[in-house]
There are 2 protein chains.
Amino acid sequence: MLGISDEIENEACHMWQFAFWNPSEDKDKIIERTAVVPEVLAPSRFGYEATIHQGRIERIMETDLLRYSERGVLRNTRLVDVRIDEESDPEFPVVVTMNTNGEEKVIRTKHLVGADGAHSIVRQCMGLRLDGESLDHIWGVIDLVADTDFPDIRRRCAIHSPAGSVMVIPRERISTGAYLTRLYVHVPETVVPDSDQVLDGNDDVKADDARQRRSKITQEGILQQAANAMKPYYIRPKDGVVDWWAAYQIGQRVSPQFIVNDSMSVARVFIVGDACHTHSPKAGQGMNVSMMDSYNLAWKLMYHLNGLAPEPTATGTPTPLLDSYQTERHQIAQQLIDFDRKFSTMFSGKMGATEGLTQEEFQQAFKLGNGFTSGCGVEYPESTVVLRDDLEDSTSPVKGTDYLSGILRPGRRLLDVRVLRHADGAQRHIHDDIPSTGRFRILCLASTDLLDRQSVSALALDSLDRLMAEFPASVIELIVLHPKLHRQFEWEDVSACIKQRAEMRFHDGSALDDAYAIYGVDPAGGALAVIRPDGYVGVVARLGDAARVEEYLKRCIRTVSRK
Amino acid sequence: MLGISDEIENEACHMWQFAFWNPSEDKDKIIERTAVVPEVLAPSRFGYEATIHQGRIERIMETDLLRYSERGVLRNTRLVDVRIDEESDPEFPVVVTMNTNGEEKVIRTKHLVGADGAHSIVRQCMGLRLDGESLDHIWGVIDLVADTDFPDIRRRCAIHSPAGSVMVIPRERISTGAYLTRLYVHVPETVVPDSDQVLDGNDDVKADDARQRRSKITQEGILQQAANAMKPYYIRPKDGVVDWWAAYQIGQRVSPQFIVNDSMSVARVFIVGDACHTHSPKAGQGMNVSMMDSYNLAWKLMYHLNGLAPEPTATGTPTPLLDSYQTERHQIAQQLIDFDRKFSTMFSGKMGATEGLTQEEFQQAFKLGNGFTSGCGVEYPESTVVLRDDLEDSTSPVKGTDYLSGILRPGRRLLDVRVLRHADGAQRHIHDDIPSTGRFRILCLASTDLLDRQSVSALALDSLDRLMAEFPASVIELIVLHPKLHRQFEWEDVSACIKQRAEMRFHDGSALDDAYAIYGVDPAGGALAVIRPDGYVGVVARLGDAARVEEYLKRCIRTVSRK
C-alpha cells in the first residue's frame, strides 16, 4: 500500500513452505519430515513470507522518507528529556530536549511519537510501565551460509529431535551469490526463571544474572547444539564463515498505556513498537507489529492535524480518533504476546510419541501465528473507527465467519481479490485501488439489478453520490464491483455516478476471482463497506443502507457545508 | 531481465485489450465496436503492453547506468567526427572527435557504438546509407486528458469511420491524478508522394516540400479531425489542455550495413536504433526495437572484449560473434519495416463493406505486429549463435511449430513458464533464472527416467557436468526441469550434479504450468537447450546428445584447459 515493496518482492527470500521434522519411530533415521504446509494459509496477495536483512528494510523506508522530508532522519541525536508543559504554550505542550553531536536543543511540538525501542526514553520520561516477564528458555541465533545435506535447508523448518529444537529460516541471497540461512537453536541449559522482572532502565540483580547465563553461550556451542539436533544430517558453516550470531532469553512485556493525554484530554505523546511491547523474535513479528503500530497511528494523527477529524463534542473531552490507536494496538500487542508465550513454550518443548505436545497442536499454533504474519488474522475491537456489524443474521448483508478467507468483517483488513476493470479490461488486484493516500474508500458491491433504473443498486449509488458531497473533496473515493450480470453493458447502462466517481475503480467481481463469495456477499443483495485509510474494514451495511455508511463516516471525518 | 521494470510495472498504463471500431450498417450509430481482443496474444509473462513517457524510460536506464559508471551519461557533448586509423594504433583504431561545452577532444577507442539517432553522425562519417522511402500519409499525434463519452477511451482502439481513422493509445496517470490519452489521427490531405527519398543530412527540395505540407497541420486541425472520426461521440481536451502534439509523415528506411570492419576484418564501428532504421511510430516499436539492437550487441561485445569469445581461426578473418549482430538485427529491422509499411497503409485506409480491406485482414496484421510488441514473434536466422534444429522430425526432441505459444526454436526467445522449485517449494517464473548477467544457460528438460541410476537423464547430467568444466568458471549455468514423476523424491535420489550446479534452479515443470507441453518436449524423451545471455534459444538437442550442446557452446565461448 505504500508502494515500497519492490525490493522485497525482487530480492528477499520468499518462503513458500513450512516443513515439520519430528523424532522418527525408526531409530536409525532419528528425525523425519512429518508434514510440509504452505507458509501462508490465508488467500493473501502474496503466497509467501519474505525474509531480508532488517537494515535493508530500514534503508528502503529511509529512502522513501526523502520524498516527503528533505532532511530525512536526523542521525547522531539522543533524546534527553520529554515533558508536557501546557502553561507556557497549550497548543505546543510537548517539550523535547535532545542532543545532536553534543549540542543540546529544546523544541516544542504538538505531538510526539516515541519509536525509541525497548529502552524508550519517551516511555520512561512519561512514567509508563512495561509489564511482563522473562521466561527461562535460552536461544541461540546464528546466520550462516550452510554446508549441509539436510534436505529442507531452503524451507522454513521446525525441527524437534531427541537432542533439541532448531528452527530453520531461509534468508536472502547475498552478493557472493550464496544463500544465507538463519538457525534458532534451543539451548537446553537448566536455568532459574527470572519471572515478572522488568528489564527497564534500572535493571536489577536478576537481570545481571540472566545476562551472565546468556554470556556463557558461544558461537561454537550454538553450532554444536544445532548439529546435534539435526542428526543424522550434517550442518556446518560453508568455509567456516558465520555472518552473525547472538543469544537471548525469551521475554514478553507490554505497556498498559500507549498514549499520554494533556489536561484537556488531547492525546499528545504516543509510544510505538518496542517502546510499548517486546517479545521473542521467534514469531517473526518484532518489526512487523511495530511498523503496524505506526501505520495505525499515522493516518489518525494526520486527520487530527489537518482538521479532517470531527471536532470533539466539547472542550476537554477525549479525541476519539486518536484514542482508538490505544484501543486497537494494545489489544494486538497483548494477543501477540499471549501467542508468542504459547508458541515459544511449545517450540522449546520436545514433541513425539512420548511427549505431551502433539504435532497437531503445534500445527494449530502455527495456523494462529500465520494470522499475524499474513496480517489476515488481526481483528480490531469496536471503537470510533470500527462499527461492528451487530445486525441479526437475517438482515446482515454478509454471511459467513471464515474471516481468514476474506469474509468482510469490520476491524479486519479487506482481503485482496483479483478483478477485471470495466474501463479497459485490465486484470487488477483490488488492493491496487487502496494505496496509502490517506483516503477512505466506500466499497459498493452492487447487486444483480445494477442495469435496471430505480433498482436498489442504482438508488444506492445515487445516495452515495450525495453522501460523498457532504465530506471534504477527494477524502473519500468510490470503488464499485458488480457481480455476474445477465448481459453485456456500456457506461450509459449504469448510474452516471459510476463513471464520474469511479471510472477507473469499477470492476467485474466475478470474471477472475469470485469476489462476492470471498467477501460473503450475496450477489442478489449486494452490500456496502467502508475501507479505512489503513485498509481495514470500518463498517459493513446493506446496499440500501447508505445511512449507516454516513453514520460511520461522520465519526471519522468532518463534514463540509454543501454548495 | 535487467531488473529495471518495477516502475513500469507499477506506474505505466497497462493496456490489456484492443478494440476495433468500424463503420456501422446503422447510419445513426455511424461507428460501432466490432471486436475486443487481448492486447497480448502470446503467453508472455506480462499480459499487457505498457505505455509510459519515454523520458521516464530514459531516466530509469540512466539511473541504472550509475550502478556501473560513476560518470554516467556525458551531456552537452556533440560528436564531430569519426574515422578509422589503424596505422597509428591498430589496437585502438577508432578515432573520435567530440565537443563538450565548446571544448574539442579527440579520443581513441577499440570499438564505437553509434546510437545517435536518425541523423546519425557516426553513420554519415562511416559513409553508410539509409535506403527507403517516405509515404504520403500525414498523421497528427496528440497527447491530452480526454473529456469524452467514447466508451473505449481506456482501451487501445483502431477506429475507422467514414470521416477518417484514429488510433487511441491510453497512457499513464499523471501527477494531477488524471489519465493521459494519445491519439494518432490520419490527416486525409491529398499529397504527392516523395518516394525513394533519403532524408539524410543534405535534404533536397522534396523534403522541404514535405515539411511545408506538414507545417500546415495545427493542433486544432488534429482535434477537429479526431472529433469528426469519433462521431457520434464527443471528444475534447479536458479544461482545454493539450499535453503535446506533432505532425509527421510515415517514412521507412534501413541501412544495408550495421557494422564497419577494419582492414583485419574486426568489427569496429556499430550503429544501432534510429541510426540504422526508422519507421512510423504507429507500430509502437521505435524505442523497443532500438533497445533490442543494443541488447543484442552488448553481450557479444562484452564476450569479445573480455576474451571470452573463441579466437578467429586466422588473423584477418571475421569475428563471427560480433558479425552476428548484423545478421540478426538487420533482418529484424527489415521485417519490421515491411510490417510497418503494410500496417500503416492498412490503417490509413478506410474499412467497411465498400472497401477492399476486411476487418479480418486488419486483425491478422495486428496479430503479426503483436509478435514484435510482445517480443515472442522475433526469430533470428541461422548464424554462429543460432544452430538451427535441422534434425529429421523423427529424431528431433521438439515437436510442434506454434513457436508463438512457446515451442522451443533456436533463434527465438525462451518463453516464460511457471515452475515449482524443488529446494523450497517456491512458485517461480523460469525467466527469473535467466537475468542479464552475461551467462549462457543449459536448460536440461530431464525425462521421466530421472530417478533411475544409469538412465538417459542421469547420463546426460553427468555429461553436462563434464562439459561445463571445459569452459571458464561461472560463464555457464545449469537449469534443470523434471516432468511429472511416479513418486516423491529427495536430493539423494537424483544425480549429485543437480544439487551441486543447480540447487536453486531445479524445478518441477508440471506442477504449475505444463512446461514440457509448452516447449514441445515429450516427457518420456526430454531435451537439452542452450539459452543465450540475451534469453534466446541458441540450440536444441536430444537429451542424450550433449555433444551438440558442446559443439554450439564452442562456437560462442572459449574453452579452458581442464585442471
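For B:Ala178 and B:Lys110 in the same chain, what is the full-extension length gain: residue separation times 0.36 nm, less their Cα-Cα distance, in nm? Don't jump to the answer; show the numbers that get you there.
Numbers: separation 68, 0.36 × 68 = 24.48 nm, distance 4.87 nm.
Extra length from B:Ala178 to B:Lys110 when fully extended: 19.6 nm.
Divide by every residue of the protein assembly as shown the summed helix terms, -39500 (n - 2.57) for each DSSP H run of at least 4, and state the resulting mean residue ellipticity at 222 nm, rounded to the nearest 500 deg cm²/dmol.
So the calculated ellipticity at 222 nm is -8000 deg cm²/dmol.
Write down the accessible area per residue of the protein assembly as shown in Å², having rolled a 1.4 Å probe over the full set of protein chains. Could the numbers behind the result be given before it?
Working: 49490 Å² over 1126 residues.
Computed with neighbouring chains in place, this is 44 Å² per residue.
Give me the compactness ratio for the stretch B:403-556, meaning the Cα radius of gyration over 2.2 N^0.38 Å. Walk me through the intermediate numbers first.
On the way: Rg = 13.9 Å, N = 154, 2.2 N^0.38 = 14.9 Å.
Compactness ratio reported: 0.93.
Mind listing the long-range amide H neighbours of B:Arg45? Cut-off is under 5 Å, sequence gap 5 or more, other chains count too, H placed in the peptide plane at 1.01 Å from N.
Excluding prolines and chain starts, which carry no amide H, the hits are B:Asp416.
Enter the mean number of other protein chain beta carbons within 10 Å of the beta carbon of each residue in B:12-24, as an integer. Kindly include the intermediate steps, with their values, before the conclusion.
Working: counts 0, 2, 6, 3, 7, 4, 1, 2, 0, 0, 0, 0, 0.
Per-residue shielding by partner chains comes out at 2.
Working from Cα positions, state the angle (0 to 90°, nearest 10) between the long axis of helix B:219-229 and the longest principal axis of chain B.
Approximately 80 degrees, to the nearest ten.
Give me the summed buried accessible area for the B-A pair, 1.4 Å probe, to the nearest 100 Å².
Details: alone 25840 and 25820 Å², together 49490 Å².
Buried area (both sides, nearest 100 Å²): 2200 Å².
Ordered shortest first, which distances in nm separate the 7 Å Cα→C-beta label point of A:Asp338 from those of the other copies?
The answer, with the shortest distance listed first, is 7.3 nm.
How far is helix B:54-65 tilted, in degrees, relative to the longest principal axis of the Cα atoms in chain B, given as a value from 0 to 90 rounded to the nearest 10?
30
Name the residues of the stretch B:534-563 whose amide N is less than 19 Å from a point 7 angstrom out from the Cα of B:Gln500 along the C-beta direction?
Residues B:546-547, B:550, B:560-563 fall inside that zone.
May I ask you to report, in nm to one decimal and beginning with the shortest, the distances from B:Gln488 to the same position in the other copies, taking label points 7 Å along Cα-to-Cβ?
Computed spacing set for this position: 5.0 nm.
Among the listed pairs A:Lys367/A:Lys399; B:Lys367/B:Lys484; A:Lys300/A:Lys367; A:Lys499/B:Lys238, which have their C-alpha atoms separated by more than 25 angstrom in this model? Intermediate results must be reported in sequence, preceding the final value.
Values: A:Lys367/A:Lys399 23 Å; B:Lys367/B:Lys484 34 Å; A:Lys300/A:Lys367 31 Å; A:Lys499/B:Lys238 15 Å.
B:Lys367/B:Lys484; A:Lys300/A:Lys367, as the Cα separations exceed 25 Å there.
Could you order peptides A:48-58, A:269-279, B:149-159 by the average number of other Cβ atoms within 10 Å of their residues, highest first?
Numbers: A:48-58: 15.7, A:269-279: 25.5, B:149-159: 22.0.
Highest mean packing first, the order is A:269-279, B:149-159, A:48-58.
Could you quickly flag the chain A residue whose beta carbon comes closest to the rotation axis taking A to B, and that distance in whole angstrom?
A:Asp6, 2
Quick one: with label points 7 Å out along Cα→Cβ, list the inter-copy distances for B:Lys367 in nm, shortest first?
Distances to the matching label points in the other copies: 5.0 nm.
Which of the chymotrypsin sites (Phe, Trp or Tyr not before Pro) found in the stretch B:482-543 are in a DSSP loop and have at most 15 neighbouring Cβ atoms, other than their own, within 10 Å?
Numbers: sites: B:Phe489, B:Trp491, B:Phe506, B:Tyr516, B:Tyr519, B:Tyr536; in loops: B:Phe489.
Passing both the DSSP loop test and the Cβ count: B:Phe489.
Between A:Thr97 and A:Asp452, what length comes free when the chain is fully extended (0.36 nm per residue of separation minus the Cα-Cα distance, one decimal in nm)? Mind dumping the intermediate values first?
On the way: separation 355, 0.36 × 355 = 127.80 nm, distance 6.44 nm.
The A:Thr97-A:Asp452 span can extend by a further 121.4 nm.
Using only atoms on other chains, find how many Cβ atoms lie within 10 Å of each Cβ of peptide A:109-117 and report the average.
Values: counts 0, 0, 0, 0, 0, 0, 0, 0, 0.
Other-chain Cβ atoms within 10 Å of each residue's Cβ, averaged: 0.
Return the FRET efficiency for the residue pair B:Lys27, B:Gln224: r is the Cβ-Cβ distance, R0 is 22 Å, and the value is rounded to the nearest 0.05.
On the way: r = 22 Å, r/R0 = 0.99.
After rounding to 0.05, the efficiency reads 0.50.
Between B:Arg418 and A:Ser88, what's the calculated FRET efficiency when r is the beta-carbon distance and R0 is 60 Å? Round to 0.05. Kindly include the intermediate steps, with their values, before the conclusion.
Numbers: r = 64 Å, r/R0 = 1.07.
Rounded to the nearest 0.05, the efficiency is 0.40.
Residue by residue, what Karplus-based ³J(HN,Hα) values in Hz, rounded to whole numbers, does the stretch A:90-104 have, using 6.51, -1.76 and 1.60 with θ = phi - 60° and x for Gly and Pro?
x, 7, 10, x, 8, 10, 10, 10, 9, 10, 10, 6, x, 9, 8
Would you mind getting me the FRET efficiency between A:Arg59 and B:Gln488? Use the beta-carbon distance for r and R0 = 30 Å, nearest 0.05.
In this case the efficiency is close to 0.15.
For the stretch B:481-563, report the % of Cα-Cα distances exceeding 19 Å. Working shown, then result.
Values: 1748 of 3403 pairs.
Of the Cα pairs, 51 percent sit more than 19 Å apart.
Within the stretch B:403-556, what whole-number % of the accessible surface is contributed by carbon and sulfur, with the 1.4 Å probe and all protein chains included in the calculation? Please report the intermediate quantities before stating the final value.
Working: 2330 of 5200 Å².
It is 45 percent, rounded to a whole number.
How shielded is A:528-541 by partner chains, expressed as the average number of their Cβ atoms within 10 Å of its Cβ atoms?
Details: counts 0, 0, 0, 0, 0, 0, 0, 0, 0, 0, 0, 0, 0, 0.
So the per-residue partner count for this stretch is 0.
Which angle between 0 and 90 degrees, to the nearest 10, do you get for helix B:546-556 versus the longest principal axis of chain B when only C-alpha atoms count?
With both axes taken from Cα atoms, the answer is about 50 degrees.
Please identify every one of the GluC sites (Glu not before Pro) in the stretch A:63-141 that sits in a loop by DSSP and has no more than 11 other beta carbons within 10 Å of its own beta carbon. Show your work: numbers first, answer last.
Numbers: sites: A:Glu70, A:Glu86, A:Glu87, A:Glu91, A:Glu103, A:Glu104, A:Glu133; in loops: A:Glu70, A:Glu86, A:Glu87, A:Glu91.
Answer in residue order: A:Glu70, A:Glu87, A:Glu91.
The values are calculated or read from the model by the stated rules, or taken from the named source; none is laboratory data. Values in this document were obtained by computation on a predicted structure and should not be read as measured data. Cβ atoms come from the backbone with ideal geometry, glycine included; neighbour counts cover every protein chain shown. Note: areas computed on protein heavy atoms with side chains; ligands, DNA, RNA excluded. Shrake-Rupley method; radii C 1.70, N 1.55, O 1.52, S 1.80 Å.
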